[in-house]
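Engineer: This is the structure I want to talk about, given as structure tokens.
The values are calculated or read from the model by the stated rules, or taken from the named source; none is laboratory data. Everything numeric here is computed off the predicted structure, so don't read it as measured data. Heads up: the accessible areas ignore ligands, DNA and RNA and are worked out on the full protein's heavy atoms, side chains in. Shrake-Rupley method; radii C 1.70, N 1.55, O 1.52, S 1.80 Å.
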Amino acid sequence: MTKTIAGQDRWRPIRGLRLHLREWDGAGVPFVLVHGLTSNCMTWEAVAQRLNDAGHPVISLDQRGHGLSDKPDSGYGFDEVTADLHAVIEAQGWATKPVVAGQSWGGSVVLQFAARYPSAARGIVLVDGGFMSMRSRDAGMRWEQLWERLKPPVLTGMRRDDLAERMRRGHPDWSDEGIEHTLANFETLADGTIRPWLALDHHREILHAMWEQD
């Protein structure tokens, strides 16, 4: 039976930023795992472990503004985040092109990445994202109206333990590890309360880029 190897945390200097990665070594085809909006690389942890158990090298990354990566004041459109992704892959120095998978907004990032850098990946995987047009889905709605509808709830100041209990009630099938990995979407402050890693104005910039994406 293959022994499960824990991922290693890495911080890579990428395009003037320090991006946080989780990394697993292996001899097979590499996989790159890209999280969704307001999420973090740990949400891919179980998938990464399964892929690595099958012999694949894997990285999952916190995209700019998310998780433990740097949070610049601007640059949250698709040109910048796909350039980040391309630079991360180049920095790995793999001899084999990777399969790149993205979930939700991450799917849209991966699709745009494949269009901009068609020779950079062996294949792409889109999970619950990358295939929808927000303007088509919400026909007749102005951007300002959409933003008001999709603006995230204010969770800053909630106790981490209370949010964990809310997640357990709402998702009784989630494992304790899954709860912890989702809680990593938030910074835990010294008083036990949380705040999102992704700033509200950066959230808005990303959603607007999705609104404009065809």
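Engineer: Report, by chain and number, residues whose modeled amide H sits under 5 Å from the one on Ile124, excluding near sequence neighbours (fewer than 5 apart, same chain).
Structural biologist: Amide H neighbours of Ile124: Val100.
Engineer: Still on this model: What is the gain in length, in nm to one decimal, between Arg204 and Ala6 on full extension, counting 0.36 nm per residue of separation less the C-alpha to C-alpha distance?
Structural biologist: 67.8 nm
Engineer: While we're looking at this one, here's another question. 5 Å is the cut-off here: which amide hydrogens, built 1.01 Å from N in the peptide plane, fall below it relative to Glu187, excluding neighbours closer than 5 in sequence?
Structural biologist: It is Arg195, Trp197, by chain and number.
Engineer: Choose one answer from Ala95, Ala48, Ala27: the residue with the largest mean-square fluctuation in a GNM of the chain with alpha-carbon springs under 10 Å.
Structural biologist: For the chain, modelled as a Gaussian network with Cα springs under 10 Å, the answer is Ala95.
Engineer: Further question: Using each residue's phi in the stretch 42-49, evaluate 6.51 cos²θ - 1.76 cosθ + 1.60 at θ = phi - 60° and report the 3J(HN,Hα) Karplus result to the nearest Hz, with x for Gly and Pro.
Structural biologist: 5, 5, 9, 4, 5, 5, 4, 4
Engineer: Which whole-Hz couplings ³J(HN,Hα) result when phi for each residue of the stretch 22-36 is put into the Karplus expression 6.51 cos²θ - 1.76 cosθ + 1.60, θ = phi - 60°, listed in order with x for Gly and Pro?
Structural biologist: 10, 9, 10, 7, x, 9, x, 5, x, 10, 10, 10, 10, 7, x
Engineer: How long is the gain from Gln92 to Arg15 if the chain were fully straight, where each residue apart is worth 0.36 nm and the alpha carbon distance is subtracted?
Structural biologist: Gain in length upon complete extension: 26.3 nm.
Engineer: What full-extension length gain, to one decimal in nm, is calculated for Asp191 and Met141 as 0.36 nm per residue of separation minus the Cα-Cα distance?
Structural biologist: Between Asp191 and Met141, full extension yields an extra 13.9 nm.
Engineer: Please figure out what share of the DSSP beta bridges in the chain is antiparallel and state it in percent, rounded to the nearest 5.
Structural biologist: So the antiparallel bridges in the chain amount to around 55 percent.
Engineer: Give me the orientation-averaged projected area of the Cα convex hull of the stretch 73-214, in nm², one decimal.
Structural biologist: For the Cα atoms of the stretch 73-214, the hull's average projected area reads 10.8 nm².
Engineer: Additional query: What 222 nm value per residue comes from the helices of the chain, counting each DSSP H run with n ≥ 4 as -39,500 (n - 2.57) and dividing by all residues, nearest 500 deg cm²/dmol?
Structural biologist: One gets -11000 deg cm²/dmol as the mean residue ellipticity at 222 nm.
Engineer: Still on this structure, please answer the following. If amide H atoms are built 1.01 Å from N in the plane of the peptide, which residues on other chains or at least 5 residues away come under 5 Å of the amide H of Met158?
Structural biologist: It is Ile194, by chain and number.
Engineer: Using a Gaussian network model of the chain whose springs link C-alpha atoms within less than 10 Å, name the residue from Trp11, Trp197, Trp44 with the highest mean-square fluctuation.
Structural biologist: Looking only at Trp11, Trp197, Trp44, the biggest GNM fluctuation is shown by Trp11.
Engineer: Using the Karplus curve 6.51 cos²θ - 1.76 cosθ + 1.60 with θ = phi - 60°, what ³J(HN,Hα) values do you get for each residue of the stretch 151-164, in whole Hz, with x for Gly and Pro?
Structural biologist: My calculation for the stretch 151-164 gives 4, x, x, 7, 10, 4, x, 6, 6, 4, 4, 5, 5, 4 Hz in order.
Engineer: Test of understanding: in a Gaussian network model of the chain with alpha carbons linked when under 10 Å, which of Ser69, Ser136, Ser108 would top the mean-square fluctuation ranking?
Structural biologist: Looking only at Ser69, Ser136, Ser108, the biggest GNM fluctuation is shown by Ser136.
Engineer: Roughly speaking, to the nearest percent, how much of the chain's 1.4 Å accessible area is carbon and sulfur?
Structural biologist: Using a 1.4 Å probe with all protein chains present, the chain comes out at 50 percent carbon and sulfur.
Engineer: Using only alpha carbon pairs under 8 Å that are at least six residues apart, calculate the relative contact order of the chain and give it in whole percent.
Structural biologist: The value is 21 percent.
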